[in-house]
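Nothing in this text is a laboratory measurement; each read-out follows from the coordinates by a stated rule. Please read all numbers here as calculations on a predicted model, not as lab measurements. Every residue, glycine as well, gets a Cβ built from its backbone with ideal geometry; the counts of neighbours run over all protein chains shown.
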Amino acid sequence: MDSEIAQAYVDAAAAALDLPIHPDHRPGVLTYFRLAAAMADLVAGQALHVEDDPAPVFVPIGPGDRVDKKLAR
């Protein structure tokens with residue numbers, strides 16, 4: 001993603017969310033945003049085939065959570 005586009009997107013999203021970004025944090029935010037955009041491009045670039053099914057509902061669990069044996073199969 002072009003640096004100017006990333007900056008404009010981050011600025012617009014922060015303004016829309018009324019989310020201040022401290023000037024010291026801005027370089028890291030922009031770096032992460034460009035990284036996330038690059039990962040999204042990789043995913044979006046994969047072709048889906050007829051046999052591809054959507055994943056079941058993802059329910060995150062924490063390290064100490066008990067796992068239901070029915071769901072763990």
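When +1 charges are put on Lys and Arg Cβ atoms and -1 charges on Asp and Glu Cβ atoms, the dipole computed for the chain relative to its Cα centre reaches about 460 debye. Per residue of the chain, the DSSP helices (runs of n ≥ 4 H) give a summed -39500 (n - 2.57) that works out to -15000 deg cm²/dmol at 222 nm.
Given R0 = 25 Å, the distance between the Cβ atoms of Ala12 and Ala38 translates into a calculated FRET efficiency of 0.80. Farthest towards the positive end of the charge dipole of the chain, among the residues Leu30, His49, Ala15, is the Cα of His49, using unit charges on the Cβ of Lys, Arg, Asp and Glu. Using the Cα gyration tensor of the chain, with a ≥ b ≥ c the square roots of its eigenvalues, what is the shape: rounded (a/c below 1.5), prolate (a/b larger than b/c) or oblate (neither)? Oblate.
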